[in-house]
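For reference, the structure is listed below as structure tokens.
A short reminder: the numbers here are calculations on the coordinates, not readings from a lab. Here the structure is a predicted model, which is why all the values come from computation and not from measurement. Please note: Cβ atoms are built from the backbone with ideal geometry, for glycine as well, and neighbour counts cover all protein chains shown.
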Amino acid sequence: MSREVIYVADPCCSWCWGFSPTINALREEHGAKVKFTMLMGGLRVGSHHIRHAERKAYVRDVWARVGEISGQPFNLDILKYDNMSENTEPSCRAMILMRETAPEKTFSFMQRLQNSFFSENSDISKETVLADLAADEGEDRDKFLETLTTDDAKTASENEFAATRAMGVNGYPTTIVRNDDEYKILTAGYRPLDGVRQFFDHWMEQG
């Protein structure tokens, strides 16, 4: 029997950052027996997504709530900046590129992007920042940046967003489990590890 966990996320999704310890724990515990695949959903796509002053209060409330519930660190200093891009397509595009060029780094790169954004206040909507973070993962910075800015890379992210929507995913994080050709949603939205493990273990026992 072929088993796979399909994790659909976005680097700039605060609830995905909150869910990060859960998905990483499951992967650490079961990665030797189960394939873990990460797909990008595209939380906010397009240059029209700008964090204006009136949006700051909403973001502050959400991040504070996610931090309180999940225990994940959030640095709210980033909210000092007006008119910051909230377009998540570039960071998703970088994730897709890393998965294609160095698949073994997919989950570590996601962790690096999330920590850089939520904890260190890096602007990961900027391609140069994403290339710097790829270099921190051991990739050739200039080559990564050159490939990241190609039309093919942008088309790849558009296609992946369409594919995850076609799977019925409309919120993040979403975790789908597959047994051969049978697919089931394990989680839709944030769940702590204790709230997932029972269902995951039951799925592992099937078949």
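Per-structure values
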| quantity | calculated |
| --- | --- |
| Residue among 18, 113, 144 farthest towards the positive dipole end of segment 3-205, charges placed on Cβ | 18 |
| Isotropically averaged projected area of segment 76-156, using the convex hull of Cα atoms (one quarter of hull area), nm² | 5.1 nm² |
| Local net charge near residue 96, Cβ-Cβ under 12 Å (Lys/Arg +1, Asp/Glu -1) | -3 |
| Straight-distance crosslink candidates among lysines, where the alpha carbon sits under 20 Å from residue 184 and sequence neighbours closer than 8 are dropped | 33, 35 |
| Extension gain (nm, one decimal) between residue 37 and residue 104, 0.36 nm per residue minus Cα-Cα | 23.1 nm |
| GNM result for the chain, Cα springs below 10 Å: residue of 57, 156, 94 fluctuating most strongly | 57 |
| Dipole magnitude of segment 3-205, debye to nearest 20 (Cβ charges: Lys/Arg +1, Asp/Glu -1, about Cα centre) | 520 debye |
| Debye log10 I(q)/I(0) for segment 153-201, one point scatterer per Cα, at q = 0.16 Å⁻¹ | -0.56 |
| For the chain, share of DSSP beta bridges that run antiparallel, in % to the nearest 5 | 70 percent |
| Separation between Cα centres of segment 173-197 and segment 95-145, rounded to whole Å | 25 Å |
| Lysines whose Cα lies under 28 Å from that of residue 126, excluding same-chain neighbours fewer than 8 positions away | 56, 80, 105, 143, 154 |
| Ellipticity estimate at 222 nm from DSSP helix runs (n ≥ 4, -39,500 (n - 2.57)) divided over the chain, nearest 500 | -16000 deg cm²/dmol |
| Principal semi-axes in Å for segment 126-207 [√(5λ), Cα gyration tensor, largest first] | 33, 17, 12 |
| Reciprocal mean inverse distance between Cα atoms of segment 3-205 - Kirkwood radius, Å | 17.4 Å |
| Where only alpha carbons of segment 1-66 are counted, the Rg and the Dmax (Å) | 15.6, 52 |
